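The values are calculated or read from the model by the stated rules, or taken from the named source; none is laboratory data. Every value quoted in this text rests on a predicted model; they were computed, and no experiment measured them. As a convention, Cβ positions derive from the backbone with ideal geometry for all residues, glycine included, and neighbour counts pool all protein chains shown.
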Amino acid sequence: MEEIQESSGFQSTASFFRVFKSKTGLTPLEYAEQVKLSNSAA
């Protein structure tokens, strides 16, 4: 997650998480879990 945060230009993890959740409705961890579940179902 840190690599994505940095490549997106965020200096602060808290800022990245806040913006990520405002855009997706999920925390980065929740999002990753959903992606993992949907990939394993395919």
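General remarks:
- For the stretch 5-19, filtering for residues that are in contact with a helix residue (DSSP H, G or I) (Cβ under 8 Å, 6 or more places away or on another chain) and in a helix (DSSP H, G or I) leaves 4.
- Scanning the stretch 20-30 for residues that are modelled with pLDDT of 95 or more, part of a helix (DSSP H, G or I) and under 17 Å from Ser8 (Cα atoms) yields Phe20, Lys21, Ser22, Lys23, Thr24.
- Restricting attention to the stretch 3-17, the residues that are surrounded by 12 or more Cβ atoms within 10 Å (Cβ to Cβ) and within 10 Å of the chain's Cα centre (by Cα) total 3.
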